[in-house]
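Please read the structure below before turning to the comments.
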There are 4 protein chains.
Amino acid sequence: MAAGSNGGESLIIVMDAAAAPADLEQVLDRLRAAGGSAEATTQAGRVVVAAGVPHPVPPPAWEALPGVERVFHLASPVRLVSRHHQPADSVVEVGAARLGGGGFTVIAGPCAVESREQILAAAAAVQAAGASLLRGDAFKPRTSPYSFQGLGRAGLDLLAEARERFGLPFVAEVVDPRQVEMVAGYADLIRIGSRNMSNFTLLAEAGRQPRPVMLKRGFTATIEEWLDAAEYICKEGNPRIVLCERGIRTFESQTRNTLDISAVPVVQSLSHLPVVVDPSHAAGRRALVAPLTLAALAVGADGVMIDVHPEPESALVDGAQALPPGEFAALMERVRALAAVL
Amino acid sequence: MAAGSNGGESLIIVMDAAAAPADLEQVLDRLRAAGGSAEATTQAGRVVVAAGVPHPVPPPAWEALPGVERVFHLASPVRLVSRHHQPADSVVEVGAARLGGGGFTVIAGPCAVESREQILAAAAAVQAAGASLLRGDAFKPRTSPYSFQGLGRAGLDLLAEARERFGLPFVAEVVDPRQVEMVAGYADLIRIGSRNMSNFTLLAEAGRQPRPVMLKRGFTATIEEWLDAAEYICKEGNPRIVLCERGIRTFESQTRNTLDISAVPVVQSLSHLPVVVDPSHAAGRRALVAPLTLAALAVGADGVMIDVHPEPESALVDGAQALPPGEFAALMERVRALAAVL
Amino acid sequence: MAAGSNGGESLIIVMDAAAAPADLEQVLDRLRAAGGSAEATTQAGRVVVAAGVPHPVPPPAWEALPGVERVFHLASPVRLVSRHHQPADSVVEVGAARLGGGGFTVIAGPCAVESREQILAAAAAVQAAGASLLRGDAFKPRTSPYSFQGLGRAGLDLLAEARERFGLPFVAEVVDPRQVEMVAGYADLIRIGSRNMSNFTLLAEAGRQPRPVMLKRGFTATIEEWLDAAEYICKEGNPRIVLCERGIRTFESQTRNTLDISAVPVVQSLSHLPVVVDPSHAAGRRALVAPLTLAALAVGADGVMIDVHPEPESALVDGAQALPPGEFAALMERVRALAAVL
Amino acid sequence: MAAGSNGGESLIIVMDAAAAPADLEQVLDRLRAAGGSAEATTQAGRVVVAAGVPHPVPPPAWEALPGVERVFHLASPVRLVSRHHQPADSVVEVGAARLGGGGFTVIAGPCAVESREQILAAAAAVQAAGASLLRGDAFKPRTSPYSFQGLGRAGLDLLAEARERFGLPFVAEVVDPRQVEMVAGYADLIRIGSRNMSNFTLLAEAGRQPRPVMLKRGFTATIEEWLDAAEYICKEGNPRIVLCERGIRTFESQTRNTLDISAVPVVQSLSHLPVVVDPSHAAGRRALVAPLTLAALAVGADGVMIDVHPEPESALVDGAQALPPGEFAALMERVRALAAVL
């Protein structure tokens, strides 16, 4: 059995033009020792080895072997989050809301919970405009230790109150593995933020509790790495995962990050998980939220997550990107009109 | 007169906390010597100088002066291609087609002209499906000198024949300042490609001839640099410019480049020029062309340019991204349905 | 008091050319309400506001206010890790080794502890060649959940045995806030890896224990963000921090990451903390380790951290970049010769 | 004959797990039709085709064929500029100066020629300090059309005068294919700048004239693309090429670009051409020029090109990065001391 089970890997090893026959022998010996299968072929003066190695034998460092020029790692076809593993779309239910399998789910609310008045006003506004889920964070990972870090547990209590009053399930960020259980005790959907996408201990904790998990793409992560991060959650036993594209770091400075809109169809081809878009954090500019939301809908995303604040100019966090309630309601009208023809 | 005319510049110069009074005096003296105006203010222990300097006095290197910590250059409000200079949308007419000012113009055809049969079949297909302009290149800038470089002038003759037969104006790339006049003698719209966006002599030649010009964004250019490149054309006397976003280079490798969909509304806020999207070259993968086209429409682009090839699997250039005629026709149906509600 | 204490911030707010006088008034009112000071000046048709706001009043979202075009945030001059705060170099002592304040400290050993034989052989080799610190990890954050994750606590026991036998203090990675105390009970220097640079709860824990901390640059972090991460540790009470540059993510694929050699003198100008270079993880290729080590020495780094493995081709992690003992010893000779003239 | 001659290419084509046998047949048929050779092997559930195709048959778009999942293009082993083609270092002679084959050649002078006084003072200073070549440009490609564009031919006359007086050969940039012959009539070494690295018509003209050519890396080009650009020059008959690394565009903003110091040993392993480093344009900051020059020497570069200006604070172009004569002379002392032990 080669790469036919979870975690197996397919490799292509290209030998250097000047590699000795003994170099090739060593590569083949090690592949066999690792429990893998391999076949070598010579083309255009180079020997190319196609191989499969099973989990859990750890691979030696193929690139380190004498005579090896390059190694290409093919994504495993058997990752749990992959389409190969599950061809049908996953549908993740969050309270009465559904993400995935068609439909376009709108999550909206303030970046951070700031006060009882603020979160209740925001929840009222987004519910009235037609959102299905409320967002609002009580723990904020901030670049500077001197920035506002969130209200903590008191913020979760306020979110729970808003849920009860307006009937909206809510999503909230978790930043510390020691808090996963506590946050999951409040939130309907827990979120792992962009800066924590590679916080593997946090991912594993999220995989060991029963709430669905939203996993934001690291703003500097490749799609492969993002899916590997989702695999960390899934492998621990929690397959209820929603992916969220929120822009990547590039050299362009007109927007905070560059929304990778192509990531939506790419991920949908590689994985069965639902994918939503966060236009607010991607752009960092209010004027871009509406066009990017419509683009996300047109490209086939399973939903969006939008910053809405009752008074953006007073927001403690990211006010420059938050929509006031009136603009959000107008956008929702356009979303419904467009969704009707798509 | 400070920055009130073409080319004037506004600067903010931040002095180091440890700068000496004489350092500040030198900065102010030089600003005055450059014909500019300046005012210094002290805040939070630092001196900040806000200044304006006129064109065409070249600025000294402000960063090089003793005591200067940082210099911020504000984009000139008086660039010819800017919204400040012309608040109303530019509309560029290309034969019977129009780009800008509302509407969604579809340009389609093969990446490269390969043969008479190929270009006529492609033109027939894109015209039948409803495209307004034909694309097809006779000169291809290729990364490797050993790749197919285009049919040259013979290719332009074939494009002219296709235009006559199917009534479609065409766009073709120009890669050499010595050929601008010749290519402009054939094409309805000449194109400067991504790799030549900073080929300033080519830009200037394009500005000195009467045809409209499509300027693709360099795949590693900021939006500011792209608009500066457009200014090169405009400054020479040719304001008929169409911008084309085609993806930027990032670390993500699932797509050839990362389509910067946000660039469309950003450019529309900064400039009066029309902006189209090239989903084919951005993604480099056929399956992404349809979703990205719909996203371009939804985000508010003035059009798209799509690779269509009668037989993509035989294409000499970029076949992996070309749509066959049937897929293109189906996409056009979806474009029309969506455009009707936007 | 404006930005004269920890966490204060200096801002430059540029008003839009079309901003109304009331817009400016609102900005100034809010700055005053935030306890800050501000002064407005008009240059080249724009109003520029230079302002300082104190900690801990959280700043409103200045960019969200009507009429605001751009906001420039100047780095606080009073960050604890900055040269402004402490002009003299910090020297961090780790056992008998010293980092910072001149000198060039070599840390070497395997990427991961794999077995007793391996770590003892590695420690013997690097000690014989002249290294001052041993590296070796017991917890590995891996992109894929199916990769080798380290020996855990048993690995730390082996490192402690190697320390005792060869008299070398050691550095080991910590990946989970719940393990900081345990790892710090073993290691002489605890390390926060590149993927965890923005794991703020982990940073805070590292700041609350007495061991010195090595903080690797996130491979996609700016220098500003890296220093902000160091500030998280320092703010909690632990100023014994060593920074480690290990390459950043770019579009170049010949190397795993692009070693940002310029970051060394840039960081040294901004901060008093020592900076070392990890050429092994930056390049990911053994042949580049020696030239990059010499470059790090020449550019003025305070040291290097090098992967050395007794048998690289059998390494479970990153063998392609590890030096065998003989190559490491030869490199140390060259380092000593070069250091003598620098 | 497969990839044994110039321009041949080696490919690895990975078939999709779900590909039909007929898909594989079509791939193999087309490879054969292209004059290539191919062999298929099945590993871990996938078919992998290793193939070689000869020049000049243009490759079909392999990625476009049904059932193809991925295509890896291996660099041709037979490129003229490659080490495979010529194992020994190329040495490029420029007047009495030599680049390549050991040694460390220093090129220095102002970014742009501004006046007779300026260039003569600069030439006197760099010659006295020990530089082997003078730099100074008469044609400047500038991002904005309103920036200083150089003195043109008059600048070349001044450079020729400086050469005669101080006995230093000089390098000057060429930006237009129509000027190559003219500039080459003056300069000892013509330079193609970073923004023109992919200006293929300019590259071809440089390949058709007898002067040696310095080719700067595009600041957004991969090393592969850089070598392809060099191949354009070489293929036209001019093998006297000097490569110049000058920093790449990344997200880091503390330096203008990120000097890719690793590119030096990487290029030296792939190509026989000499490689120099331009620390001035990479960093854009004077204080970084000295440490980066020493790093370039230590990493094994064949030389450096440094901006030196008699009065940097008055420079019309890039004064912030230019060294004044005294600092340059001090740096040359350190270079000589370091070179003695390397």
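Inter-chain Cβ neighbour count for D:220-228, averaged per residue, equals 5 (cutoff 10 Å, partner chain atoms only). If the elastic network links every pair of Cα atoms under 10 Å, which of D:201, D:220, D:143 fluctuates the most in the Gaussian network model of chain D? Evaluated over chain D, the most mobile residue of the options is D:143. So what's the net charge close to residue B:299: Lys and Arg +1, Asp and Glu -1, counting the other residues with Cβ under 13 Å from its Cβ? Net charge around residue B:299: -2.
Here the chain C residue lying nearest the rotation axis onto A, judged by its C-beta and given with the distance in whole angstrom, is C:220, 2. Over the protein assembly as shown, DSSP H runs of length four or greater, each weighted -39,500 (n - 2.57), average out per residue to a 222 nm ellipticity of -10000 deg cm²/dmol. For segment C:231-342, the orientation-averaged shadow of the C-alpha convex hull comes to 8.4 nm² (one quarter of the hull surface).
Between identical copies, the spacing of residue B:32 label points, each set 7 Å from Cα toward the C-beta atom, reads 3.2, 8.5, 8.7 nm from nearest to farthest.
Rolling a 1.4 Å probe across all protein chains gives residue A:311 an accessible area of roughly 80 Å².
Taking a sphere under 10 Å around the Cβ of residue A:93 and counting the other residues whose Cβ falls inside, with K and R at +1 and D and E at -1, yields a net charge of +1. How big a patch of accessible area, both sides summed and in Å² to the nearest 100, lies buried between C and A at a 1.4 Å probe? Accessible area lost upon association: around 4000 Å². Taking the convex hull of the alpha carbon positions in chain B and averaging its projected area over all directions gives 19.5 nm². In degrees between 0 and 90, to the nearest 10, how far off the longest principal axis of chain C does helix C:325-341 point, with axes built from Cα atoms? Long axis of C:325-341 versus the principal axis of chain C: about 50 degrees.
Counting only other residues whose beta carbon sits under 11 Å from that of residue C:173, what net charge do I get with K and R as +1, D and E as -1?
Here the charged neighbours net out to +3.
The magnitude of the dipole of segment C:65-199, with charges of +1 and -1 set on the Cβ of Lys/Arg and Asp/Glu and taken from the Cα centre, is near 300 debye. Summarising the strand pairing of chain A, around 50 percent of its internal DSSP beta bridges are antiparallel. Amide H to amide H distances under 5 Å link residue B:170 with B:134, B:188, B:189, where only residues 5 or more positions off or on other chains count and H is placed in the peptide plane. Looking at the square roots a ≥ b ≥ c of the eigenvalues of the Cα gyration tensor of the protein assembly as shown, which shape do they give, rounded for a/c under 1.5, prolate if a/b is larger than b/c, or oblate? It is rounded, given that a/c, with a ≥ b ≥ c, falls under 1.5.
Charge dipole (Cα centre; +1 on Lys/Arg Cβ, -1 on Asp/Glu Cβ; no other charges) of segment B:297-342 amounts to roughly 260 debye. Between this copy and the others, label points of residue B:236 are 2.0, 6.0, 6.0 nm apart in ascending order, each placed 7 angstrom from Cα in the Cβ direction. Sorted shortest first, the separations between the residue A:185 label point and its copies elsewhere in the assembly read 2.7, 8.2, 8.6 nm; each point sits 7 Å from Cα along the Cα-to-Cβ line.
Among B:224, B:181, B:63, which one shows the highest mean-square fluctuation when chain B is modelled as a Gaussian network with alpha-carbon springs under 10 Å? The residue that fluctuates most here is B:63.
Across segment D:181-300, counting alpha-carbon atoms alone, Rg and Dmax equal 14.2, 41 Å. With a 10 Å cut-off around each Cβ of A:285-296, the average count of Cβ atoms from other chains is 6. About its Cα centre, the protein assembly as shown has a charge dipole of approximately 0 debye under the convention of +1 per Lys or Arg Cβ and -1 per Asp or Glu Cβ, with nothing else charged.
Model label sites at residue D:42 and residue D:25, defined 7 Å from Cα along the beta-carbon direction, differ in position by 1.6 nm. Its alpha carbons give segment C:112-222 an Rg and a Dmax of 13.8, 40 Å. If I model a spin label at residue C:236 and residue B:253 as a point 7 Å from the Cα along the Cα→Cβ vector, what separation in nanometres do I get? Placing both labels 7 Å along Cα→Cβ, they lie 3.6 nm apart. For residue D:248, the residues whose amide H sits under 5 Å from its own are D:258, D:259, D:260, ignoring neighbours fewer than 5 places away on the same chain, with H placed 1.01 Å from N.
Roughly what angle does helix C:116-129 make with the longest principal axis of chain C, taking Cα atoms, 0 to 90 degrees, to the nearest 10? In chain C, helix C:116-129 runs at an angle near 80 degrees to the longest axis.
In the elastic network of chain A, a GNM with C-alpha springs shorter than 10 Å, the most mobile of A:197, A:15, A:214 is A:15.
The angle separating the long axis of helix B:223-235 from the principal Cα axis of greatest extent in chain B is about 80 degrees. If R0 is taken as 51 Å, the Cβ-Cβ distance between residue A:120 and residue B:89 corresponds to a FRET efficiency of 0.75. Measure off, as a whole percent, the carbon and sulfur share of the 1.4 Å-probe accessible area of segment C:103-223, all protein chains present. That fraction is 47 percent. When DSSP beta bridges are restricted to pairs lying wholly in the protein assembly as shown, around 50% turn out antiparallel. The Kirkwood radius of segment D:289-342, taken over pairs of alpha-carbon atoms, gives through the Stokes-Einstein law at 20 °C and 1.002 mPa s a diffusion coefficient of 182 µm² s⁻¹.
Could you bin all the Cα-Cα distances of segment B:99-166 into 10 Å bins starting at 0 and give me the percent of pairs in each, rounded to whole numbers? Here the calculated profile for segment B:99-166 is 21, 45, 26, 7, 0. Note on segment A:165-234 and segment A:265-327: Cα centroid distance 18 Å, given to the nearest whole angstrom. Quick one: grab the alpha carbon gyration tensor of segment B:135-174, order the square roots of its eigenvalues as a ≥ b ≥ c, and give me rounded if a/c is under 1.5, else prolate or oblate depending on whether a/b is larger than b/c. Because a/c hits 1.5 or more and a/b exceeds b/c, segment B:135-174 counts as prolate. A Förster radius of 60 Å, combined with the Cβ-Cβ distance separating residue A:16 from residue A:336, puts the computed FRET efficiency at roughly 0.50. Rolling a 1.4 Å probe over the protein heavy atoms gives the protein assembly as shown an accessible area of 31 Å² per residue. Which entries in the list B:235/D:216; A:140/A:216; C:140/C:216 go over 19 Å, if you measure between the two C-alpha atoms of each? In this structure, B:235/D:216 exceed 19 Å between Cα atoms. Whole-Hz Karplus values for segment C:196-211 come out as 9, 4, 9, 8, 5, 5, 5, 4, 5, 4, 5, x, 9, 10, x, 6 Hz, taken residue by residue from phi with 6.51 cos²θ - 1.76 cosθ + 1.60 and θ = phi - 60°; glycine and proline positions read x.
The values are calculated or read from the model by the stated rules, or taken from the named source; none is laboratory data. Note that this is a predicted model, so its numbers are computed, not measured. So basically every Cβ, Gly included, is an ideal-geometry build from the backbone, and we count neighbours across all protein chains shown. Each accessible area value is taken on the protein alone, full model and side chains, heavy atoms only, with ligands, DNA and RNA left out. Shrake-Rupley method; radii C 1.70, N 1.55, O 1.52, S 1.80 Å.
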